[in-house]
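Trainee: Sharing a structure, written as structure tokens. Questions coming.
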Amino acid sequence: MEKITAEMFEQIFQDIITNTNDYADKNKVKKHNAAHNKISKLLKDVESDKKYLTQLFKALLQSNNDKIKLSVATKCLEFDVLTPEAIECLNKLYLLNTLPGLDKLSIELTLKKYNKD
């Protein structure tokens, strides 16, 4: 079984970013969906290893890419690892106002959902 590394996640995520928001190009849509599916499968393969997920997500929360931080912070909440760090990251990303409106809305909704639970 291949374990996902921080470098693999970042590379696959770049495929997602590069091939997003161009629904007229079927090839880009296929690449975008394939990248999402690959990340999901690789994370599912290691989801029971909380120590490994913690190490992986901790490294990725330090990324220079705000979209990666957003994705990883939400995955932290989904997998129940590094919850305080994920909340702090989402709050910082929200306040920085460097992400597009839909990402900012996603952060806001994620924080509201988390605060209700």
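The values are calculated or read from the model by the stated rules, or taken from the named source; none is laboratory data. Only a predicted model underlies this, so the values are computations on that prediction, with no experimental measurement involved. With ideal geometry, Cβ positions are generated from the backbone for all residues, glycine too; neighbour counts draw on all protein chains shown.
Trainee: Here are some conditions: (1) free of Cβ contacts under 8 Å to residues at least 24 places away in the same chain; (2) of a type outside the set (Gly, Ala, Ser); (3) crowded, with 16+ Cβ neighbours inside 10 Å. Val46 meets all but one. Which one does it not meet?
Mentor: Just one mismatch for Val46, condition (1).
Trainee: Assuming Ser63 fulfils every condition listed in (1) on the phi < 0 side of the Ramachandran plot; (2) surrounded by fewer than 15 Cβ atoms within 10 Å (Cβ to Cβ); (3) of a type outside the set (Asp, Glu) apart from one, which condition is it?
Mentor: (2)
Trainee: Kindly indicate which of Lys104, Lys116 is surrounded by 13 or more Cβ atoms within 10 Å (Cβ to Cβ), at pLDDT below 90 and more than 21 Å from Ile39 (Cα to Cα).
Mentor: Result: Lys104 is the single residue among Lys104, Lys116 that is surrounded by 13 or more Cβ atoms within 10 Å (Cβ to Cβ), at pLDDT below 90 and more than 21 Å from Ile39 (Cα to Cα).
Trainee: For region 58-68, give me each residue that is farther than 18 Å from Ala35 by Cα, among the hydrophobic types (A, V, I, L, M, F, W, C) and either touching a residue at least 60 places away in the same chain (Cβ under 8 Å) or part of a helix (DSSP H, G or I) (or both).
Mentor: Hit for region 58-68 is Ala59, nothing else.
Trainee: Something else now. Answer yes or no as to whether Ser71 is in a loop (DSSP other than H, G, I, E, B), surrounded by 12 or more Cβ atoms within 10 Å (Cβ to Cβ) and polar (S, T, N, Q).
Mentor: no
Trainee: May I ask you to verify whether Ala34 is modelled with pLDDT of 85 or more and over 15 Å from the mean Cα position of the chain (by Cα)?
Mentor: yes
Trainee: Something else about it: When you scan region 14-30, do you find a residue that is part of a helix (DSSP H, G or I), modelled with pLDDT of 85 or more, hydrophobic (A, V, I, L, M, F, W, C) and within 12 Å of the chain's Cα centre (by Cα), even just one?
Mentor: no
Trainee: Ok, one more. Considering (1) in contact with a Leu (Cβ under 8 Å, 6 or more places away or on another chain); (2) under 15 Å from Glu2 (Cβ atoms); (3) free of Cβ contacts under 8 Å to residues at least 24 places away in the same chain, say which one Tyr94 fails and leave the rest.
Mentor: (2)
Trainee: Based on what the data block shows, is His36 surrounded by 19 or more Cβ atoms within 10 Å (Cβ to Cβ) and in a helix (DSSP H, G or I)?
Mentor: no
Trainee: Would you confirm whether or not region 73-86 contains a residue that is touching a helix residue (DSSP H, G or I) at 6+ places or on another chain (Cβ under 8 Å), over 16 Å from Tyr114 (Cα atoms) and among the hydrophobic types (A, V, I, L, M, F, W, C)?
Mentor: There is no residue in region 73-86 that is touching a helix residue (DSSP H, G or I) at 6+ places or on another chain (Cβ under 8 Å), over 16 Å from Tyr114 (Cα atoms) and among the hydrophobic types (A, V, I, L, M, F, W, C).
Trainee: Which condition number does Lys69 fail, the rest of (1) in contact with a Leu (Cβ under 7 Å, 6 or more places away or on another chain); (2) at pLDDT below 85; (3) within 16 Å of Ile17 (Cα to Cα) being met?
Mentor: (2)
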